[in-house]
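J.: Before I ask anything, here is the structure I am working with.
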Number of protein chains: 4
Amino acid sequence: MDNKMIVAWMESGMMQIPILLMEKYRQIGLDEKELIVLLQVISFIEKGNHFPTPEELSERMTITSKECSLILRRLIQLQLLKIEKDNSEEVRSEKYSVAPLWTKLADELMSEQKQKDLQTVLDEGQ
Amino acid sequence: MDNKMIVAWMESGMMQIPILLMEKYRQIGLDEKELIVLLQVISFIEKGNHFPTPEELSERMTITSKECSLILRRLIQLQLLKIEKDNSEEVRSEKYSVAPLWTKLADELMSEQKQKDLQTVLDEGQ
Amino acid sequence: MDNKMIVAWMESGMMQIPILLMEKYRQIGLDEKELIVLLQVISFIEKGNHFPTPEELSERMTITSKECSLILRRLIQLQLLKIEKDNSEEVRSEKYSVAPLWTKLADELMSEQKQKDLQTVLDEGQ
Amino acid sequence: MDNKMIVAWMESGMMQIPILLMEKYRQIGLDEKELIVLLQVISFIEKGNHFPTPEELSERMTITSKECSLILRRLIQLQLLKIEKDNSEEVRSEKYSVAPLWTKLADELMSEQKQKDLQTVLDEGQ
């Protein structure tokens, strides 16, 4: 019985998120609800649903599907999420990509790195 | 240059969260802010800080440290988070444990499983 | 340019393995090549190929496809891997499941836990 | 009882490895035993032991500590692993870093990307 639980647990899946996202979401202009919508989109993609509807998202959240729609639109405007054509199936369809999010986080990491390097140079110059 | 980025990216770390948590947090009584506080606590633990203060949490969030305090208290009352004695260091201190969260999620998984099993029995009986 | 790398890196994917598997594979009767075959199967599943052939496996390994076949058979005999019917597609096909591996690891964890509990009882009895 | 298992399972930890490593280890000159030594080093680091000895490594493996020593040396020569000074503790000590491994994998990814881009250009030119 115990072991059936472990199998169910493993099969329900894990998602991985860069700790950087937890550290920087405020700096890239997001609040908690917007971050959760992003994480929900990632979790749906992980499970094979690449284009969750606002209804599917809101079912798991404390916000309405209308609010979800607005947040999705805002995430696209902020260039953290984009919609791509999905050519994997015969029927033409669309899918979300979070590639822009990784790009934005990488920007943050890079500018942080540069500042550290600059600080080191300044410190050594003293 | 590119490769230095990958190293910085990998060293900034990833955290793993059960997709079940994204699916069920509303059912176990949490809203988006409370979930993010939980995830922040997990991300701090991942990085070796086992007892982040409300100030450390709120620095990365859009809420005040006072609101963080209230949420932490609520998470403990909901039995999703607990405070343990940390005996790993010489100085006596405290640390958070999210063990109660995994227990609660496992409960959810189990009752879901039972309902499915029951449904199968009912369906077969027809 | 840098950022394109991060996106390519994230999209190439990560797999998660229980540290327990690294600690216990020898105890459950595996050697290094057998463990890698298991990990390769998991990595293929993660990428959507649920029934990699011995040829696909051996292409990434230092062993022949024939040796891969033998190892796959052995993993099935050891009840760490099983073949299931895949009903997700229209065409009937087969897929691997590593559920038996999680069960075996959970067994190991449980017997370890029991031994610890017993030791505690014995220690307290003195 | 079931739920205690889940907590023990989660606390035993997960490690994340880039699927790229599974795909490319042969190309970067490793065999299965060498890959497992690398993965074991990563799993020890994950659990807080940043400088596992050959003895600690071989205890979990089917190879001797002497063979582990040789493999560790080879991984350092191949520039996939390096030894750094660990300044986190008061006592001076050493620790392993797998940063060179990520760099090497990023190299592989980049040269693959370039080849694809070149192919696209060639295909379009026809």
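J.: Select from the range A:85-126 the residues that are within 16 Å of C:M5 (Cβ to Cβ), among the hydroxyl-bearing types (S, T, Y) and in contact (Cβ under 8 Å) with a residue 40 or more places away in the chain and list them in ascending order.
T.: none
J.: Being farther than 22 Å from A:G13 by Cβ, of a type outside the set (K, R) and out of contact with any Leu (no Cβ under 8 Å at 6 or more places or on another chain) is the filter here; which residues of the range B:88-118 pass it?
T.: Listed by number, the residues that qualify are B:S88, B:E89, B:E90, B:V91, B:S93, B:E94, B:L118.
J.: Please work out which residue is surrounded by the most Cβ atoms within 10 Å (Cβ to Cβ), limiting yourself to the range A:15-73 and to residues that are among the basic types (K, R) and free of Cβ contacts under 8 Å to residues at least 60 places away in the same chain. Steps first, answer last, please.
T.: Pass one, the range A:15-73, residues among the basic types (K, R): A:24, A:26, A:33, A:47, A:60, A:66, A:73.
So of that shortlist, the ones also free of Cβ contacts under 8 Å to residues at least 60 places away in the same chain come out as A:26, A:33, A:47, A:60, A:66, A:73.
Details: A:R26: 16, A:K33: 19, A:K47: 15, A:R60: 17, A:K66: 11, A:R73: 12.
The selected residue is A:K33.
J.: If I go through the range A:85-126 residue by residue, how many of them are charged (D, E, K, R) and surrounded by fewer than 13 Cβ atoms within 10 Å (Cβ to Cβ)? Give the steps one after another, and end with the answer.
T.: Just the residues of the range A:85-126 that are charged (D, E, K, R), to begin with: A:85-86, A:89-90, A:92, A:94-95, A:104, A:107-108, A:112, A:114, A:116-117, A:123-124.
With surrounded by fewer than 13 Cβ atoms within 10 Å (Cβ to Cβ) added as a condition, the list becomes A:85, A:89-90, A:92, A:94, A:114, A:116-117, A:123-124.
The total comes to 10.
J.: Condition test on B:I71, is it closer than 11 Å to B:Y96 by Cα, modelled with pLDDT of 95 or more and not hydroxyl-bearing (S, T, Y)?
T.: On the way: closer than 11 Å to B:Y96 by Cα: no; modelled with pLDDT of 95 or more: yes; not hydroxyl-bearing (S, T, Y): yes.
Spelling it out, it is not the case that B:I71 is closer than 11 Å to B:Y96 by Cα, modelled with pLDDT of 95 or more and not hydroxyl-bearing (S, T, Y).
J.: Follow-up question, since we're still on this one. Is it the case, given these coordinates, that A:L118 is in contact with a strand residue (DSSP E or B) (Cβ under 9 Å, 6 or more places away or on another chain) and in a helix (DSSP H, G or I)? Show your work before the answer.
T.: On the way: in contact with a strand residue (DSSP E or B) (Cβ under 9 Å, 6 or more places away or on another chain): no; in a helix (DSSP H, G or I): yes.
When the stated conditions are applied, A:L118 does not pass them.
J.: From the list C:L57, C:L80, which one is closer than 24 Å to D:S58 by Cβ and either out of contact with any helix residue (DSSP H, G or I) (no Cβ under 9 Å at 6 or more places or on another chain) or modelled with pLDDT of 95 or more (or both)? First the steps, then the outcome.
T.: On the way: C:L57 fails: closer than 24 Å to D:S58 by Cβ.
Step by step, each of C:L57, C:L80 is checked, and only C:L80 is closer than 24 Å to D:S58 by Cβ and either out of contact with any helix residue (DSSP H, G or I) (no Cβ under 9 Å at 6 or more places or on another chain) or modelled with pLDDT of 95 or more (or both).
The values are calculated or read from the model by the stated rules, or taken from the named source; none is laboratory data. Everything numeric here is computed off the predicted structure, so don't read it as measured data. Note that each Cβ is placed from the backbone with ideal geometry, even for glycine, and that neighbours are counted across all protein chains shown.
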